[in-house]
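Read through the structure below, which is laid out as structure tokens, and then see the notes.
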Amino acid sequence: MQRERTNVHYRIPREPVVSSNLAAVGYCAETRELDVEFTNGDAWRYYEVPADVHREFVGALSVGKFYSRQIRGSYRGVPLDRVTGEPKTPQPGADGQPQPVQEREP
């Protein structure tokens, strides 16, 4: 799937999945980025995900179980902003240096 560019940002198109916890999944083979959207509206982007892992993920009998066992904790992930769909930018700390986003993977 190709990503859609808006200005300098892009969104990876997502396809709905059948799951009680996950709402949709998107993948960009060009960048090996996987977006996972949850039923609560949160979304995460995972990096360096091989295409075969994406294929197995969307073809799994339980995408929720596959996510928990094969994606979460196995690939570097960052939360996405609900408005822009882009990775959240770390906020500067008291010293002016960016601080890590303090969010926990779902």
- Item | Pair list, Cβ under 8 Å, 6 or more apart: the stretch 69-81 residue without any contact (Cβ under 8 Å) to a residue 24 or more places away in the chain, other residue outside any loop (DSSP other than H, G, I, E, B) and among the charged types (D, E, K, R) | Q70/E56
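Filter the stretch 14-29 for residues that are in a strand (DSSP E or B) and surrounded by 14 or more Cβ atoms within 10 Å (Cβ to Cβ) and give the result. Show your work before the answer.
Let us first name the residues in the stretch 14-29 that are in a strand (DSSP E or B), namely 15-16, 22-28.
Correct list: L22, A23, A24, V25, G26, Y27, C28.
Looking for something part of a helix (DSSP H, G or I) and hydrophobic (A, V, I, L, M, F, W, C) - is there at least one such residue anywhere in the stretch 72-92?
Just the residues of the stretch 72-92 that are part of a helix (DSSP H, G or I), to begin with: none.
There is no residue in the stretch 72-92 that is part of a helix (DSSP H, G or I) and hydrophobic (A, V, I, L, M, F, W, C).
The rows are residues; the columns are (1) surrounded by 12 or more Cβ atoms within 10 Å (Cβ to Cβ); (2) closer than 19 Å to P16 by Cα; (3) modelled with pLDDT of 95 or more.
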| position | (1), (2), (3) |
| --- | --- |
| T31 | yes, no, no |
| Y47 | yes, no, no |
| V53 | yes, yes, yes |
| E56 | yes, yes, yes |
| A60 | yes, yes, yes |
| F66 | yes, yes, yes |
| Y75 | yes, no, no |
| P100 | no, no, no |
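The values are calculated or read from the model by the stated rules, or taken from the named source; none is laboratory data. Values in this document were obtained by computation on a predicted structure and should not be read as measured data. Virtual Cβ from ideal backbone geometry, glycine too; neighbours counted across all protein chains shown.
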